[in-house]
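Submitted below is the structure of interest, expressed as C-alpha cells.
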C-alpha cells in the first residue's frame, strides 16, 4: 500500500515536471531527483515467532529520472530502503528492500507496458548477535495501460527462507 502511494506521488511529480519542461524546452529535457524518507513503525508482528512485537526504524531513498523523447517521456525509478526491527524478546532483524521500474509516457490511445521488480530481505539475530534466520521475497509485477486504463498482473512472486 505504501509502495503504491509512493509510486503515485513520484509519477505525478514526474509527469508535471515533464509536462512543464516540454512546454518550454526545444531540446531534450532530463528531470532527476532523489527523495530520502526516514520512517518508523511500531507494533509489528513476526509470523515465525507468534507473541512478540517489534519496532522498525529505517530510511527509504527514491531516485528517479524522466527523459523527454520524440514519443513522450521515458521514466525510471529505484526505491531502496534499509532498517532495523527491534523485537520484544531482544532479538532484531536487519531489513533491506529494492524496487525498480521503467516505462514510457506516450500519447493517448497507445498501449504501454512496464514491469516493477521488488526484492526484500531480512536477517534475524538473537539478542547476543547469533544469526537465527534469513528470509527473502522476490516479486515481479506487470502493469499494462490501454487507453489510460491500468491492468496489473503479478507475474511471479517467491519466498525463500523458513522459520
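Read-outs: derived from the displayed coordinates by stated rules, not from any lab. Not measured: the values here are computed from a predicted model. Using ideal geometry, Cβ is built from the backbone for each residue, glycine included, and neighbour counts are taken over all protein chains shown.
Can you tell me the Rg and the Dmax, both Å, for the Cα atoms in the range 35-103?
Rg and Dmax of the range 35-103, Cα atoms, are 17.2, 57 Å.
In Å and whole numbers, how far do the C-alpha atoms of the range 24-163 stretch along each principal axis, longest first?
Answer, in whole Å and largest first: 61, 29, 22 Å.
Follow-up question, since we're still on this one. Arrange the following residues from fewest to most other Cβ atoms within 10 Å of their Cβ: 41, 139.
If I rank by nearby Cβ atoms, fewest first, I get 41, 139.
With Kirkwood's inverse mean 1/r over C-alpha pairs for Rh, give me the Rg to Rh ratio of the range 85-163, two decimals please. Could the numbers behind the result be given before it?
Working: Rg = 18.5 Å, Rh = 15.1 Å.
Ratio of gyration radius to Kirkwood radius for the range 85-163: 1.23.
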